[in-house]
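What follows is one structure encoded as structure tokens, with my remarks underneath.
Since every read-out is calculated from the coordinates, none of them should be taken as a lab result. Just so it is clear, the structure is predicted and the values come from calculations on it, not from any experiment. Cβ atoms come from the backbone with ideal geometry, glycine included; neighbour counts cover every protein chain shown.
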Amino acid sequence: MNSYNRHFILGYGSLINSQSRAKTGETGRVWPVKLHGFERHWSVMSAEFGMSSVAVIQSPKQACNGVLVEVPADQLPLFDERESGYERTKIELSQLTTYQDDPLPEGTYWVYHTADLVAPHSDCPIALSYVDVILSGCLEHGDAFVQDFLAQTKGWNAPLLNDRQTPRYPRVQPDLCTDRLNRLLAPVTTLSTKELSVTYEP
């Protein structure tokens, strides 16, 4: 196969999580990377689920981490549907640096981004059921990767809801170990320790 017939998506939110990706379509190998020229924010992308999501906007001097995921061409429409409300656009290999010594593959690289940000609000807060999925995905790539996600995401001071007992996120993973996630969230969350301790119903 010609290398430029290979397609890769830059996942910077729930797509970092391998189980979450599998709920949408088939994917191949993954490379943890940093994407340059984009900045990640919390934003209301759709009010349908009553929660905010992470989104990236073009910002020449900024960067955020994520994973480069190989996606067969016939699976791209499935990910387009998942990321409705975002625009899929090409990015260049020169915009990516890797966390590993492994060279990145040649191909066509895509990122889902937005041109406009809408700050989270009380009707569409940051939902812990969604944050939990992202952070558990980040943990697949090590502690430094998690810390970069937290530091390279703007808007943590927005309203944040512990919805673990009644999750708003449709691809929730209720079997996650929330104790570790709570410790990671402590420096950035607007919730108290008591509010964070509410966990998923068995």
If one builds a Gaussian network model of the chain from Cα atoms under 10 Å apart, the most fluctuating residue listed among E48, E140, E83 is E48
More than 15 angstrom separation, counting every C-alpha pair in segment 157-197; what % is that? 42 percent
Considering only the chain, percent of DSSP beta bridges that pair antiparallel, nearest 5: 75 percent
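Most exposed first by the Cβ proxy, i.e. fewest other Cβ within 10 Å, how do C177, C138 rank? Don't jump to the answer; show the numbers that get you there.
Values: C177 11, C138 24.
The order, fewest Cβ neighbours first, is C177, C138.
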Which of the pairs K23/K90; K61/K154; K34/K90; K34/K61 have their Cα atoms more than 19 Å apart in this structure? K23/K90
Listing I57, I91 from the residue with the fewest other Cβ atoms within 10 Å to the one with the most, what is the order? I57, I91
Project the alpha carbons of segment 3-196 onto their principal axes and report the range along each, largest first, in whole Å. 51, 34, 33
Tell me, H41, H121 in order of fewest to most beta-carbon neighbours within 10 Å? H121, H41
Trypsin sites (Lys or Arg not before Pro), restricted to segment 17-65: which are DSSP loop and have at most 15 other Cβ atoms within 10 Å? K23, R29
